1. Give ARG76, ARG62 a once-over and let me know the one that is without any contact (Cβ under 8 Å) to a residue 60 or more places away in the chain, surrounded by 15 or more Cβ atoms within 10 Å (Cβ to Cβ), of a type in the set (Lys, Arg) and not assigned by TED's automatic domain parsing to the domain that holds MET140.
2. Failed condition for PRO135, given (1) free of Cβ contacts under 8 Å to residues at least 40 places away in the same chain; (2) out of contact with any Phe, Trp or Tyr (no Cβ under 7 Å at 6 or more places or on another chain); (3) buried (at least 21 other Cβ atoms within 10 Å of the Cβ); (4) under 17 Å from LEU37 (Cβ atoms), with all others met?
3. Would you call GLY87 outside the structural domain of ARG201 (by TED's automatic domain parsing) and over 22 Å from GLY35 (Cα atoms)?
4. Output the qualifying pairs, or none if there are none: Cβ atoms under 8 angstrom, residues six or more apart or on different chains, first residue in the range 101-119 and closer than 26 Å to GLN153 by Cα and modelled with pLDDT of 90 or more, second residue among the basic types (Lys, Arg) and surrounded by 13 or more Cβ atoms within 10 Å (Cβ to Cβ).
5. Can you confirm whether ASP210 is in a helix (DSSP H, G or I) and over 19 Å from GLU244 (Cα atoms)?
6. Do the conditions hold for LEU191, that is, is it more than 16 Å from LEU100 (Cα to Cα) and surrounded by fewer than 21 Cβ atoms within 10 Å (Cβ to Cβ)?
7. If you check LEU86 against the conditions, is it closer than 18 Å to GLU222 by Cβ, buried (at least 17 other Cβ atoms within 10 Å of the Cβ) and in contact (Cβ under 8 Å) with a residue 40 or more places away in the chain?
Amino acid sequence: MWTSVVPDAVTESGVEVERFGPVQATAFGDLPEIGGLNQIQGAAEPDAVAGGHLARAVEWMRSREVDFRVPVAEGRPDSEQAEAWLGRRGYERAGDSLKLIRDARAVELPEDPRITVYELGEDEADGEGMSAIIPEALGMPLTVGTLFFSLPQEDRWRCYTAALDLDQGVVAAGSMLICDGVAQLGPGATLEQGRGRGCNRALLRRRLLDAARAGCHTVFVELGECDRDGVAAVRGNLLQAGFEEAYG
């Protein structure tokens, strides 16, 4: 997702992107306190540790004076090496995360005729609604929207919006990344005026259907650094759709 930042945002919003071999570092200069946006990706990829790429990325990020995260993907070639390297340098695991998983069998959630779900991607401007909804719904600066504007055009990503009333426009958005038969539910959110009316469930249903149609065998979602009370409604929809908690 971090690779989809539009070029204009790099100059207008203080976004910097730098690659170090298989590792990519992204820093939001205007949002130094939001570690979830300032990230180093690819720490567990081949040669990331042994080749010194992770070390150079960390040094680059520290020079930007931002809070940042280094996600370490499970099951990748250098997962253990990256965890050990970070641990030796005093980095600690972030707060609790909640991961839920299910197979990609046919979804059993009923369709809600009140809600219209749109898939994005045919037009370059499709990401405009999504890039506006997510920051506002999450109470974050509009700069965050630069992550989502071009996401519908990215390979392997599927992006959606939902509307309750066609005259009032879209009020919710969701995304999904498909890779090697595995679908990961990506960022999504609902504006205040649309909450509690089934938008999250409708977007979940559509993504599960599309994952099955795409030949996926597994679907998972990870809600990072969250408290369970804060994601109770989302978790309830996921459990009702057949997800089970993997850890958290």
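1. The conditions single out ARG76.
2. Of (1) free of Cβ contacts under 8 Å to residues at least 40 places away in the same chain; (2) out of contact with any Phe, Trp or Tyr (no Cβ under 7 Å at 6 or more places or on another chain); (3) buried (at least 21 other Cβ atoms within 10 Å of the Cβ); (4) under 17 Å from LEU37 (Cβ atoms), only one is false for PRO135: (3).
3. No; evaluated as a whole, the condition is false for this residue.
4. Here the result reads ILE115/ARG197; VAL117/ARG206; GLU119/ARG158; GLU119/ARG206, each pair linking the range 101-119 to a residue that is among the basic types (Lys, Arg) and surrounded by 13 or more Cβ atoms within 10 Å (Cβ to Cβ).
5. yes
6. Answer is yes for this residue.
7. Against the criterion (closer than 18 Å to GLU222 by Cβ, buried (at least 17 other Cβ atoms within 10 Å of the Cβ) and in contact (Cβ under 8 Å) with a residue 40 or more places away in the chain), LEU86 does not qualify.
Residues are listed down the side, and each one gets a yes or a no for (1) modelled with pLDDT under 90; (2) more than 22 Å from GLY186 (Cα to Cα); (3) touching an Asp or Glu at 6+ places or on another chain (Cβ under 8 Å):
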| position | (1), (2), (3) |
| --- | --- |
| ASP30 | yes, yes, no |
| ALA43 | no, no, yes |
| ARG69 | yes, no, no |
| GLN81 | no, yes, no |
| ARG88 | no, yes, no |
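The values are calculated or read from the model by the stated rules, or taken from the named source; none is laboratory data. Keep in mind that this is a model prediction, so the values were computed, not measured. Positions of Cβ are backbone-derived with ideal geometry, glycine not excepted, and every protein chain shown enters the neighbour counts.
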